[in-house]
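Here's the structure we're looking at; comments come further down.
The values are calculated or read from the model by the stated rules, or taken from the named source; none is laboratory data. Not measured: the values here are computed from a predicted model. Neighbour counts are summed over all protein chains in view; Cβ atoms, including those assigned to glycine, are modelled from backbone coordinates with ideal geometry. To get the accessible areas, we keep the full protein, side chains included, count just its heavy atoms, and leave off ligands, DNA and RNA. Shrake-Rupley method; radii C 1.70, N 1.55, O 1.52, S 1.80 Å.
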Protein chains: 2
Amino acid sequence: MWSLADEMEHWLKGLLEEVEDGVIELRRSELAHQFSCAPSQVTYVLTTRFVPERGFRVESRRGAGGYIRIIRLEDCDYRAYLAAQLGSHLSERAALSLTEHLNQTGLLGEEGLRLLELVLSADALGLEEPLAGEIRARLLRLVIANL
Amino acid sequence: MWSLADEMEHWLKGLLEEVEDGVIELRRSELAHQFSCAPSQVTYVLTTRFVPERGFRVESRRGAGGYIRIIRLEDCDYRAYLAAQLGSHLSERAALSLTEHLNQTGLLGEEGLRLLELVLSADALGLEEPLAGEIRARLLRLVIANL
DNA sequence: GGATGACAAAGGTCAAAGATAGTCAAACAG
DNA sequence: CTGTTTGACTATCTTTGACCTTTGTCATCC
């Protein structure tokens, strides 16, 4: 029931768990070969799963000797990112992605995750989008400050 | 004398009885094929029979590796009763008192209690009172239905 | 030895195709 | 009339491939 992208995500996160500094380095082409897929599939996984919203950062370099480095954000980096994101407006997607990662880092339990998913969803507030986004941002800021 | 929708509902509920965690996962197209019907028929069954008011929740994802997940909720009679008590408007006081009650009956854990207290508090939403009350009511109704 | 340029070896971009699920209105059944 | 069933169309997520850009290496030329 898992897509290739899901499996690759899972495998990479497993690797990240094993290392103590939260940094892994790999070659796009090797990973693609390992999973028998197109190299751009790796890029797809990185850009959809290993984004700052979810607590990761990716660095890379092209050319001979090129590499891809995946970095699990430190708590302070992540909080800085949160502060920047929570400026004034937050889409439902971004909000859900954030809560999911809050859960993964253990700041938020299962119950909290479920509740926030409900509260942040589009129809929960029943408001139009510019306003709903502002409220999401305000709510999440408040929640994070009180975790 | 059962309709196709009834049979599918019954079959799915049978599956849900068999698993201990109350969660099943399936593919819409497979289920449709199994019952020799249009895929949208599955959607129809899910949206008419497996709704929170009847004690179920449905999650899904599109695209390759997509799925439909049906989750059995617990204590749905009592939750339905509570939801029925709710009007269209809820003061901060009433909302907090209700969450307190949810917590005492065990439907809501400590984490959930603290989160809801935050979210329902006056300044969390940052809205004027007629509107804030409506949103509180809508949020709590949603939360109760999905606990 | 230093500049140059061809070549190879990475990774990046983007749009198309594929794989699911959702929506909605019309037809249908009881 | 109400609830069911279908199918055409839509939305979303994944996978692939053709083409682009960047970087390092190495031979060549002065």
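Just a few scattered comments:
- Cleavage-rule hits, GluC sites (Glu not before Pro), the range A:47-147, DSSP coil, Cβ neighbours within 10 Å at most 10: A:Glu128
- Gyration tensor (alpha-carbon) shape descriptor, the range B:4-72, a/c threshold 1.5: rounded
- Debye equation applied to the C-alpha atoms of chain A, log10 I(q)/I(0) at 0.09, 0.16, 0.19 Å⁻¹: -0.33, -0.92, -1.14
- Residues whose placed amide H lies under 5 Å from that of A:Leu108, excluding near-sequence neighbours: A:Asn103
- The range A:98-105 - phi-based ³J(HN,Hα) in whole Hz, Karplus 6.51/-1.76/1.60, Gly and Pro as x: 4, 5, 4, 6, 3, 5, 5, 7
- Backbone geometry of the range A:16-33 corresponds, through the Karplus equation with coefficients 6.51, -1.76 and 1.60 at θ = phi - 60°, to 3J(HN,Hα) couplings of 5, 5, 6, 8, 7, 9, x, 10, 10, 10, 8, 9, 4, 5, 5, 4, 4, 5 Hz, x marking Gly and Pro.
- Across identical copies of the chain, A:Val58 has label-point separations of 3.3 nm, listed in ascending order, with the point defined 7 angstrom from Cα along Cα→Cβ.
- Projected over all directions and averaged, the alpha-carbon convex hull of the protein assembly as shown occupies 18.9 nm².
- Within the range A:75-145, all pairs of alpha-carbon atoms sorted by distance into 10 Å bins from zero give the percentages 21, 58, 21, 1.
- Taken about its Cα centre, chain B carries a charge dipole of about 500 debye when Lys and Arg each add +1 at the Cβ and Asp and Glu each add -1 at the Cβ.
- Rounded to 10°, Cα long-axis angle of helix B:129-146 versus longest principal axis of chain B: 40
- Other-copy label distances relative to B:Tyr81, 7 angstrom Cα-Cβ extension, nm: 4.6
- Chain B: calculated mean residue ellipticity at 222 nm from DSSP helix runs of at least 4, using -39500 (n - 2.57): -18500 deg cm²/dmol
- B:Thr47-A:Ser40 pseudo-label distance in nm [points 7 Å out on the Cα-to-Cβ vector]: 3.4
- Phi-derived couplings, Karplus 6.51 cos²θ - 1.76 cosθ + 1.60 at θ = phi - 60°, listed residue by residue for the range A:112-118: x, 4, 4, 5, 5, 4, 5 Hz, with x used for Gly and Pro.
- Inter-centroid distance (Cα atoms) of the range A:99-147 relative to the range B:28-54, Å: 30
- Among B:Gly109, B:Gly63, B:Gly14, residue whose mean-square fluctuation peaks in a GNM of chain B (springs only between Cα atoms under 10 Å): B:Gly63
- At R0 = 51 Å, FRET efficiency that the Cβ-Cβ distance of B:His101 and A:Glu59 yields, to 0.05: 0.50
- Carbon + sulfur, % of accessible area of the range A:4-72 - ligands and nucleic acids excluded, 1.4 Å: 49
- The modelled label-to-label distance for the pair A:Asp77/A:Ile24, using points 7 Å beyond Cα in the direction of Cβ, is 1.6 nm.
- Ascending list, in nanometres, of distances separating the A:Ser29 label from those of the other copies (7 Å, Cα toward Cβ): 3.4
- Other residues lying with their Cβ under 11 Å from the Cβ of B:Val19 contribute a combined charge of -4, Lys and Arg counting +1, Asp and Glu -1.
- Distant-in-sequence amide H partners of B:Tyr67 (H built 1.01 Å from N, under 5 Å): B:Arg61
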